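Undergrad: Below: one structure in structure tokens.
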Amino acid sequence: MASTLEKFIHSLDPRALPRVLQIQSGIYFQGSIYEMFGNECCLSTGEVIKVIGFKINKLIASICENNEDSQISAKVELPLNFPGLYKVVADKTPYLSIEEITRKVSIGPTRFGHPSFYCTEDIKLANLTIKHGEQMTFSSLQEVSGTMAVNCGVVRNNQSHSFTLPLSQEGKFYECEDDQIYTLKEIAEWKIPKSRNRTVKLSNTLHVRDSSNPLPENFGGYLILTPVYEVKAVMKFRKDIVHILSDLDVEVKDITDCYDISAFLQPLSLEDVFERTSKEFPMVAEIMEGPQGSQKPYNLLYTGKEIVIHKKYQAKRVLASEIRSDSPKRHFLIPMSYKGKFKRRPRNFPTAYDLEIARSEKEHLHVVATKAFDSPHKELFSVSVGDQFLVQQCQTSEVLYEGRKEVVDVLACEQILSNTYKKVLLPMYMEGGFVEVIYDKKQYQLSEICTKFRLPFNVKVSVRDLSIGDDVLAAVPGLQLEEEITDSYLLVSSVSRPGDSWEIPVYRLSMSVHLLGKDVQTVVPAATRTTVEEISEEQYYMVRRYENQTLYPPPRPPKKPA
């Protein structure tokens, strides 16, 4: 059955890709050259294309002046980088199963991908009953005993309870109100369900008041957002990937089930290549769509270039973030082969518990208090701004609380006085502020830091890496080395110079290739070139693991009655 390209893409589940479509009719019924992003393609009646991906390119906004149900006064086109912060209005149409939610709503690793719903009926689980109307937050999908399920959580009395719901769970599930605000780009990427529009309300006053702002002056109403998708497709007799906007007035028919899909070139993502067995390497491939960016080696990976993919492997990186009080921070993945040198920088610790995590047997941790703390117990020390301490060890101590003795966790320290040291006990739950005092002036290689010290660790580049043209870390005033990670890479080179190779990340580089089936001589590449990779905030949360492993200090006991 034929439908418009727009309707087809709006309802298409990305998990059902690729799909083979035949052009049925439309403005282009006699064939026409269509150009987008430098790609030209002819869409004629009967033409067959293979859709391999799609993403939101822009938004059509219907303007509602007063409230979300008022009459639409106009429609305007908004780019994803259009300024302003917006509040998402909860969808009034329910989802009828967990499976429908996972098919239409984005669920992912960052806070943007944690939607909340409530059900109109109680849900009885083995160890928990979810009350009707109770807010459930969805965090990820996983396989449980061979069945796909969603990891969920509810909060009761400030305590979080985790559970899973199978995709087969039915009921009426409504979106919960979202009190966060988002940019238009964040809404497009995370907050527009498949086959549905999204209503938003402008949360702040736009400072754009010129001919480029299509919204009414002093607008504070609602916008109903309809996405326009950029469709990635392969045509039968072309080697590159074409891009088509979904709002073209073209009718299409899905003929996937009755068409030989092997008639098209088979684009492979880097993830697809990485899933090949090790015995299939090395292989020769032609780039169908190269990555964005001018940084080496990405600027060498252009469309049409033939490359040798020598092997796949895992390599270590250190995840690092720029030290700054405001946001956004820059994030980096530093290879262990980085040849620059670092000097230590003071660390900041918000609680006594953080001091316990950071202390080391190899050296004394010397800190200065930056925030006062008044202890509720006479047995424990009250801290004043400027007090200096040498951190010793964690232990327990008895304190008198409401007339009875209780055992609490404490941090044993030595307070540094003018001519002596005084043994003191700090409550582990203490919320204060400490800054490290650094005496160590030595310069360290990255591998030394990872061996000798416990991460996270604050540093500054003191000697830049001369083996790379532009060392981006040298210009950063301070870095926090957060954790070591192991990531997936491919070793590639050009066909003409197979010994000159470099690493490319599998999961952070958007690139498509097709295999040529050419014979390739087994060449042992010279020293592999690696680069410091600057990553986006979303990529940062994808690779960051330690956040979920961090142990939090014990709760502070109630204050004494007045």
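Undergrad: Going 7 Å from the Cα of LYS460 along its beta-carbon direction, which residues of the stretch 304-340 have the amide nitrogen within less than 12 Å of the resulting point?
TA: Under 12 Å, as judged by backbone N against the label point of LYS460, lie 323 of the stretch 304-340.
Undergrad: Further question on the same structure: Need the full-extension length gain, LYS131 to LEU417, defined as separation in residues times 0.36 nm minus the C-alpha distance. One decimal, nm.
TA: On the way: separation 286, 0.36 × 286 = 102.96 nm, distance 5.74 nm.
Value of the extension gain: 97.2 nm.
Undergrad: Compare LYS7, LYS518 by solvent-accessible area with a 1.4 Å probe and give them largest first, with all protein chains kept in place.
TA: Largest accessible area first, the list is LYS7, LYS518.
Undergrad: To make sure I understand the rule: partners must be lysines, Cα under 18 Å from the Cα of LYS378, and not fewer than 8 residues away in the same chain. Which ones qualify?
TA: LYS405, LYS422, LYS423, LYS559, LYS560
Undergrad: If you don't mind, another one. Of CYS413, CYS258, which has the most accessible area and how do the rest follow, probe 1.4 Å?
TA: CYS258, CYS413
Undergrad: Further question: If packing is taken as the mean number of other Cβ atoms within 10 Å per residue, what is the order of 417-425, 499-507, 389-397, highest first?
TA: On the way: 417-425: 11.0, 499-507: 18.0, 389-397: 16.3.
Order by mean packing, descending: 499-507, 389-397, 417-425.
Undergrad: Test of understanding: extend the Cα→C-beta vector of SER510 to 7 Å, then name every residue of the stretch 175-196 with backbone N under 19 Å from that spot.
TA: Zone members listed by number: 183-194.
Undergrad: Sort out for me the Cα centre separation of the stretch 351-372 from the stretch 251-306, rounded to whole Å.
TA: Each part reduced to its Cα centre gives a spacing of 51 Å.
Undergrad: Continuing with the same structure: Determine which lysines satisfy two conditions relative to LYS311: a Cα distance under 19 Å, and not lying fewer than 8 residues away in the same chain.
TA: Straight-distance partners of LYS311: LYS279, LYS518.
Undergrad: Using only C-alpha atoms and all pairs of different ones, pull out the Kirkwood radius for the stretch 348-420 in Å with one decimal.
TA: After inverting the pairwise mean of 1/r, the radius is 13.4 Å.
Undergrad: A further question follows. Note down the accessible area of SER337, probe 1.4 Å, to the nearest 10 Å².
TA: For SER337, the solvent-accessible surface is approximately 60 Å².
Undergrad: If I model a spin label at LEU85 and GLU361 as a point 7 Å from the Cα along the Cα→Cβ vector, what separation in nanometres do I get?
TA: Those two pseudo-labels are separated by 4.8 nm.
Undergrad: Here is a further query. Excluding ILE56 itself, what net charge comes from residues whose Cβ is under 10 Å from its Cβ, given Lys and Arg +1 and Asp and Glu -1? Please list the in-between numbers first.
TA: On the way: positive: LYS55, LYS58, LYS185; negative: GLU189, GLU230.
Neighbour charge sum, excluding ILE56 itself: +1.
Undergrad: Tell me the accessible surface of SER11 in square angstrom (1.4 angstrom probe, heavy atoms of protein chains only), to the nearest ten.
TA: 70
Undergrad: May I ask for the equivalent-ellipsoid semi-axes of the stretch 284-393, computed as the square root of five times each C-alpha gyration tensor eigenvalue and listed largest first in whole Å? Show your work: numbers first, answer last.
TA: On the way: eigenvalues 481, 54, 29 Å².
That gives 49, 16, 12 Å for the three semi-axes.
Undergrad: Taking the Cβ of LEU509 as the centre, find all other residues whose Cβ is under 12 Å away and add up their charges (Lys, Arg: +1; Asp, Glu: -1). It would help to have the intermediate numbers written out before the result.
TA: Working: positive: ARG508; negative: GLU271, GLU289, ASP487, GLU503, GLU533.
With Lys, Arg at +1 and Asp, Glu at -1, the neighbours total -4.
Undergrad: Using a 1.4 Å probe and ignoring any ligands, DNA or RNA, find the accessible area of HIS114 and quote it in Å² to the nearest 10.
TA: 70
Undergrad: To the nearest 20 debye, what charge dipole does the chain have about its Cα centre, counting +1 at the Cβ of each Lys and Arg and -1 at the Cβ of each Asp and Glu?
TA: Values: 68 positive and 73 negative charges, 320 e Å.
Dipole size: approximately 1540 debye.
Undergrad: For THR199, list long-range residues whose amide hydrogen, built 1.01 Å from N in the peptide plane, is under 5 Å from its own amide hydrogen.
TA: VAL89, LEU225
Undergrad: Subtracting the Cα-Cα distance from 0.36 nm times the residue separation, let me have the gained length for ARG238 to ASN218 in nm, one decimal.
TA: Values: separation 20, 0.36 × 20 = 7.20 nm, distance 4.89 nm.
Extending this stretch completely gives an extra 2.3 nm.
Undergrad: Could you run the Karplus curve 6.51 cos²θ - 1.76 cosθ + 1.60 with θ = phi - 60° over the stretch 158-174 and give me ³J(HN,Hα) per residue in whole Hz, x for Gly and Pro?
TA: So the J values, rounded to whole Hz, are 6, 10, 8, 10, 9, 7, 10, 10, x, 5, 6, 4, 10, x, 9, 10, 10.
Undergrad: What nm distance separates the two modelled labels at LYS104 and LYS201, each placed 7 Å from Cα along Cα→Cβ?
TA: 2.3
Undergrad: Once you have the Kirkwood Rh of the stretch 463-520 from its Cα pairs, apply Stokes-Einstein at 37 °C and 0.692 mPa s and quote D in µm²/s. Don't jump to the answer; show the numbers that get you there.
TA: Numbers: Rh = 15.2 Å.
The calculation lands on 216 µm²/s.
Undergrad: If you don't mind, there's one more thing I want to ask. Order SER160, SER3, most accessible first, counting only protein heavy atoms with a 1.4 angstrom probe. Spell out each step's value before the answer.
TA: On the way: SER160 90, SER3 25 Å².
Descending accessible area places them as SER160, SER3.
Undergrad: Give the Debye-formula value of log10 I(q)/I(0) at each listed q (0.12, 0.16, 0.19 Å⁻¹), with one equal scatterer per alpha carbon of the stretch 74-229, two decimals each.
TA: Evaluating at q = 0.12, 0.16, 0.19 Å⁻¹ gives log10 I(q)/I(0) of -0.58, -0.91, -1.17.
Undergrad: Please express the Cα-Cα pair-distance distribution P(r) of the chain as a list of whole percents, one per 10 Å bin, running from 0 to the bin with the greatest distance.
TA: Percent of pairs per bin, in order: 3, 13, 18, 23, 22, 13, 6, 2, 0, 0.
Undergrad: On to the next question. Can you compute the modelled spin-label distance between GLN314 and SER168, with each label point 7 Å from Cα toward Cβ, in nm?
TA: About 3.4 nm, to one decimal.
Undergrad: Quick one: if the Förster radius is 30 Å, what FRET efficiency do ASP470 and VAL437 give, using the C-beta to C-beta distance and rounding to 0.05?
TA: Calculated value: 0.30.
Undergrad: Report the gain in length on full extension from GLU534 to LYS7: 0.36 nm times residue separation, minus Cα-Cα distance, nm rounded to one decimal. Can you show the working numbers first?
TA: Numbers: separation 527, 0.36 × 527 = 189.72 nm, distance 3.75 nm.
Gain on stretching GLU534 to LYS7: 186.0 nm.
The values are calculated or read from the model by the stated rules, or taken from the named source; none is laboratory data. Because the structure is a prediction, the values reported are computed rather than measured. All Cβ positions, even for glycine, are placed from backbone atoms using ideal geometry, and neighbour counts span all protein chains on display. With ligands, DNA and RNA removed, areas are computed over all heavy atoms of the protein, side chains included. Shrake-Rupley method; radii C 1.70, N 1.55, O 1.52, S 1.80 Å.
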